[in-house]
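Okay, so here's the structure we're looking at.
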């Protein structure tokens, strides 16, 4: 691969980030540091105006100043025009709608990347398929960015390593070149299914880790939950066509570790609050941000049935989230399962 391009040569090249949540803003700052002129889109005119005036995203990252080469806008046409890369970071529930609205302004030569971890609720499709359908381009050309990467640390330039995956390696390499810098290391992968499945399902296990910690079950329980949770993720992933080695990488075990153990994890915090006796609706309301693991639990429960994969942790979390089962009873159900062998055949 050629050496990374000097960022000073990029200052007049435009990229687009849709939309201006915490993760979208963090990735916009990575691209801005790399010398691109970044158009950061938000639905709200007031939000865009406030970001441009205050030079910060008060709604999601209050203490972080935005560099001058990030411009916020509420116009999709303005955001996308003349860009060479369009990064979709909308929540999974809004991805199709945003893609539909953006589609008229997207040109064939633009590189399409997404960094959203989840499935579409109604169709159970990953975001790469949703984007390929709405933008009418081969799914092999859609790049997914994933890995252990909390926005709160990325904006502080703390060392972060992620993976970009695409069926067409050249597309992944283009994304790698755009994002990589001394604080944000980027690897490539061609296993899009594995990267998307790992990134989505780790949020389920993080909800479980939050529940376990909220119940004061300790480090042993959390470690077991993460390990057996990874086994579930691999089982489903292999049935859906993923490479099992992907789950040992950044998008798999790497993201699982950080999401299950970090104070920045929305899914961990949501699980912890549920263990304190708060209702799911109250938790989601007070969090103020999307907790992807909740919708992903429902989708994965359906995928497990579709592919006839045994996923006991996902099943018990589904019962807690959607059928009102007490977290302690869910843990008892997991601990009381019939004895089995740890090393399973996929």
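Among the residues of the stretch 160-178, the one identified as within 17 Å of the chain's Cα centre (by Cα) and assigned to a loop (DSSP other than H, G, I, E, B) is 166.
Out of curiosity, is residue 128 closer than 19 Å to residue 175 by Cα, in a helix (DSSP H, G or I) and at pLDDT 95 or above? Yes: the conditions hold for residue 128. In summary, residue 181 fulfils each of the numbered conditions (1) assigned to a helix (DSSP H, G or I); (2) surrounded by fewer than 24 Cβ atoms within 10 Å (Cβ to Cβ); (3) in contact with a helix residue (DSSP H, G or I) (Cβ under 8 Å, 6 or more places away or on another chain) with the single exception of condition (1).
Counting residues in the stretch 73-85 that are modelled with pLDDT of 95 or more, within 30 Å of residue 252 (Cα to Cα) and within 21 Å of the chain's Cα centre (by Cα) gives one or more. So which residues in the stretch 87-117 are over 27 Å from residue 294 (Cα atoms) and touching a helix residue (DSSP H, G or I) at 6+ places or on another chain (Cβ under 6 Å), if there are any at all? If the condition is that a residue be over 27 Å from residue 294 (Cα atoms) and touching a helix residue (DSSP H, G or I) at 6+ places or on another chain (Cβ under 6 Å), then 103, 105, 106, 111 are the ones that fit.
Among residues that are under 25 Å from residue 93 (Cα atoms), buried (at least 23 other Cβ atoms within 10 Å of the Cβ) and touching a helix residue (DSSP H, G or I) at 6+ places or on another chain (Cβ under 8 Å), residue 211 is included. Going through (1) surrounded by 19 or more Cβ atoms within 10 Å (Cβ to Cβ); (2) over 20 Å from the mean Cα position of the chain (by Cα); (3) closer than 20 Å to residue 310 by Cα one by one, residue 229 falls short only on (2).
Name every residue in the stretch 276-293 that is in contact (Cβ under 8 Å) with a residue 12 or more places away in the chain and surrounded by fewer than 21 Cβ atoms within 10 Å (Cβ to Cβ), in order of residue number. Within the stretch 276-293, 276, 280, 283, 284, 286, 287, 289, 290 qualify.
The values are calculated or read from the model by the stated rules, or taken from the named source; none is laboratory data. Small disclaimer: the values here were computed from a predicted structure and weren't measured. Heads up, the Cβs are rebuilt from the backbone with ideal geometry, glycines too, and the neighbour counts pull from every protein chain shown.
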